[in-house]
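Here the structure comes first, spelled out in structure tokens, and everything after it is commentary.
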Amino acid sequence: MRKNVKRLYCEFKPSRYELKLSPDRDKMTFEGKIKISGIKIGKPSKRLTFHQKDLNISNAKVFKLSKGTKVELKVLRVNTHSGYDEARIHLGENVYSGEYEVEIDFKGRISKNMNGIYPSEFKHLDANKQLIATQFESHHAREVFPCIDEPEAKAIFKLTMVTPSKETVLSNTPIESEKITKNIKMTTFEETPIMSTYLLAFVYGEIEYKESKTKSGIKVRAYATPDNVQFTDFSLDVAVKFLDFYEDYFDIKYPLEKCDMIALPDFASGAMENWGLITYREQCMLVDPNNTSLPTKQYVAMVVAHELAHQWFGNLVTMRWWTDLWLNEGFASWIEYMAVDHIFPEWQMWTQFTVDEQLRALKLDALENTHPIEVAIKHPDEIRTIFDTISYSKGASAIHMLNGYLGAELFRQGLGHYLKIHSFKNTDTIDLWQALEDVSNKPVKQFMHSWTSFSGFPLVSVNKLDDKISIKQTRFYVNPKHSKHSDKLWPIALESNNSAYPELFDKKEQELKAANFVKLNQGQTGFYRVNYSDSLLKDLGSNVKAGKLSPIDRLGLLSDLIEVSKAGITPAVSILNFLKNYSNEDNNAVWDVIAMSIGSIRQVMDDEDLREAMKPYIVNLTSLQLERLGWDPSNKDDYFDLLLRPTILALSSSADEKTSIKNAMEVFDKSKSIKDISPDFRSLVISTAVRQNNDEKTYSKIFKMYAESSLSEEKTVLASALTGFKDEKLITKALGLIKTDNVRLQDISYWVVYSFSNRFAKKITWAWLKENWAWLEKNIGSDLSFYRFPLYAANVFSDKKFIKEYSNFFEPLRNSSLDRSISQGLESMEWQINWKDSNLQDLKNWFKK
């Protein structure tokens, strides 16, 4: 484990950076000059220290500023310390508190690992082209220039770029001046607002744009490579609407003159909220009306809404340290749903929120090896491990719960108050609670403390005893090994269907008056699970069948049931029995949970006889919706029918339903390109062909589609298919593509996850992962997805023998970034093994009956 690092902001507070950079695309290097203005604080010292990583510092000057004078101090030497990412400037005399200017000349390397300055490759007119782009979050600005690379060290940036004269160059602010000499262009940008180092950005290369304006006159541009700029209309349109919405919601104008968005061919994450220059992975910004699926179009809207929310919540007001990353990400992950819901109310985004955010967070937070929303970060290498479901989805779920507790209007007013009093400053979580408390006069700090300061969440057990209802809370663990006694209590918003029940439940146990039926956590606003006794569950099932519960409550009930089964509290056959109440279900979000439930049983039980026995059950379960929806879209379809049809067809096809397979194979056989298949049906059509054929001819056809495709979404679908074959030679062939130019570094994690998810390929994939670990670490070791690789492997094994093999490989690799993921993997395998051992035979017997 790495030792704690000291915070350099405690020694030097920068106020302004004047940075000039000259990248060399051919040599993959850059040169730079920087002038840092700021204040030295603390004890006198003969040293000034800044962050740097892998920079070659050739010259440094230090000037003391006092009463209009500027005195140069003698620099003895500059040492770089790789263990702490520091450049230490040693001086001939003590420097005391006061104002200083530091000038540094340096050189660095343009890296292919998509951090710092990196190349982004594309083709145009059959020629290979290259954009040069940046990614500085979380602590990669130090790879490009010496600085105090901490979020609290906010400063003004004045950037000058030296680039090829014919290429477009962008940064956070508008261009102030340009000077062209021969083939070189020197571009100076206007000063930025005061902001953190991780928000500085630039991109240059052959790019084009489309432009629009908000109601308040903000110029919004959507940039992409020349062939893809035609696909920016949708993201540009929603961006303008989202900016209008946020200005109104926060009652604060967007703080910059312009807002650029750019789709990059190579980008490690989904998107990055650089102030005024938001960078995106192409799949998260481009929408081709003829080739983008409906879920992807919806996802693009959500990503754009998320990044634009950061322009206020994260950029205008920034967390003081990475411990409070969730303030940025949790909030943006919540309000993106509100913004999209405002523009597309027919999408029913809050039901989607429960499935995509809350249920995901509940699953990860059910492990012992989770972490609190507010998580202590001791070293920058740990930061990437908290860009995870807890910071994003549990953070969003906590905000959602608080919004419900305070009410929408008081919550909105509190947020506006928070942003106004802390504009251009840094905050801790307590500052947000205080602002909301000031406005609402409710005990926000007391209510939220348990939810953000501690790991895990409660399980509320509900039992009916004669004329009484007993409720009890304990911490929920999916791994029975960790189901030990816990004195932790949460203030739980019961959100009961009975108005006589208390608003908050903050005791260990409580008795309430019995009712005809009891439903807690209505609307799924609370971050907890509920376990109902058999009689209460039976009553709830009757209400599901009768259509008396909302879709969000129907999916919440089912999700709770399957997770308490995984924890060993109820038998797995109870899930199948309860699913009988969903025979008339027609909501796509509920069907997402049904599909996840079936998928969990199939994957964890990992038994071919059981899989075969389940097929008639799945065909029967989907039959009503299959008959209603059919294969072909119709004028009667609503938005949710369009989303539901591929889900039903994929489930029925996976269960060998003859009509679904026949239709899918006819479409595949007729197709010569992926564009010949409807974008909403591509995944199910191609995966069906893989299962049915499993031959070299099918592999070659799919690979040809992959090689000819230029859209990221298409390549993702085809990657899933290429890694889905049963034949060992084809599995090995697909894995062999990962280290070639056929697969972009940004997509490696997709290929590995898809290959692990193929039950016929998981052992071969495990062998490949071990053999290529050093290569993976070298090429994507700083990528946010890399630390999740141990969990990717563990999630697909419920085999006791594999635990030892897993431990033998990963235990020697434990470090700050991999430690939690390795532990989570071990724990996940433990509950999977327990669930399988306890339920497999009973499930087989159930299907025999």
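Checking the Cα-Cα distances for Lys74/Lys107; Lys697/Lys729; Lys363/Lys488; Lys67/Lys179; Lys394/Lys801; Lys33/Lys258 against a 24 Å cut-off, the pairs over it are Lys67/Lys179; Lys394/Lys801; Lys33/Lys258.
Please give the helix 429-440 orientation as an angle from the longest Cα principal axis of the chain, in degrees from 0 to 90, rounded to the nearest 10. Result, in degrees: 70.
So for region 120-248, Kirkwood radius off the Cα pairs, Stokes-Einstein at 20 °C and 1.002 mPa s: how many µm² s⁻¹? Answer, rounded: 130 µm²/s. Shown are Lys33, Lys468, Lys848, whose ranking by accessible area with a 1.4 Å probe and every protein chain present, most to least, is Lys848, Lys33, Lys468. Taking the C-alpha atoms only, the angle from helix 639-654 to the longest principal axis of the chain is near 70 degrees. Against the chain, whose longest principal axis comes from its Cα atoms, helix 551-566 is set at around 90 degrees. When nucleic acids and ligands are ignored and a 1.4 Å probe is applied, Glu811 ends up with an accessible area of around 80 Å². Accessible surface comparison of Lys74, Lys129, probe 1.4 Å, protein chains only, largest first: the order is Lys74, Lys129. Residues His81, His140 ordered from highest to lowest accessible area at a 1.4 Å probe: His81, His140.
Its Cα gyration tensor gives region 293-441 an equivalent ellipsoid, and the semi-axes of that ellipsoid, as √(5λ) in whole Å with the largest first, are 22, 21, 15.
Sequentially through region 720-733, phi angles give Karplus couplings (6.51, -1.76, 1.60; θ = phi - 60°) of 4, 5, 4, 8, x, 6, 8, 5, 4, 5, 6, 4, 5, 4 Hz, Gly and Pro residues having no value and appearing as x. The 3J(HN,Hα) values that the Karplus relation (6.51, -1.76, 1.60; θ = phi - 60°) gives for region 51-58 are, in residue order, 7, 7, 9, 6, 9, 9, 8, 9 Hz. Gly and Pro appear as x. Counting every alpha-carbon pair across region 35-126, the share separated by more than 21 Å comes to 42%. Highest average first, the peptides 388-400, 333-345 ordered by how many other beta carbon atoms sit within 10 Å of their residues are 388-400, 333-345. Stretched out straight at 0.36 nm per residue, the stretch from Asn94 to Lys662 would grow longer than its current Cα-Cα span by 196.3 nm. In the context of the full set of protein chains, residues of the chain present 39 Å² of accessible surface per residue (probe radius 1.4 Å, heavy atoms only). For region 617-662, carbon and sulfur atoms together expose 54% of the accessible surface, with a 1.4 angstrom probe and every protein chain in place. Inter-part distance, region 685-699 to region 782-849, computed on C-alpha centroids, equals 29 Å. Estimated at the nearest 10 Å², the accessible area of His482 is 30 Å² with a 1.4 Å probe. Each of the peptides 611-617, 270-276 was scored by the mean count of other Cβ atoms within 10 Å over its residues; in descending order, highest first, they stand as 270-276, 611-617.
Pairwise alpha-carbon distances in region 582-684 exceed 19 Å for 45% of all pairs. Rolling a 1.4 Å probe across all protein chains gives Thr323 an accessible area of roughly 40 Å².
The values are calculated or read from the model by the stated rules, or taken from the named source; none is laboratory data. The shown structure was predicted, so the numbers you read here are calculated from the model rather than taken from an experiment. Counting neighbours? That spans all protein chains shown, and the Cβs are built from the backbone with ideal geometry, glycine included. Only protein heavy atoms, including side chains, enter the accessible area calculation; ligands, DNA and RNA are left aside. Shrake-Rupley method; radii C 1.70, N 1.55, O 1.52, S 1.80 Å.
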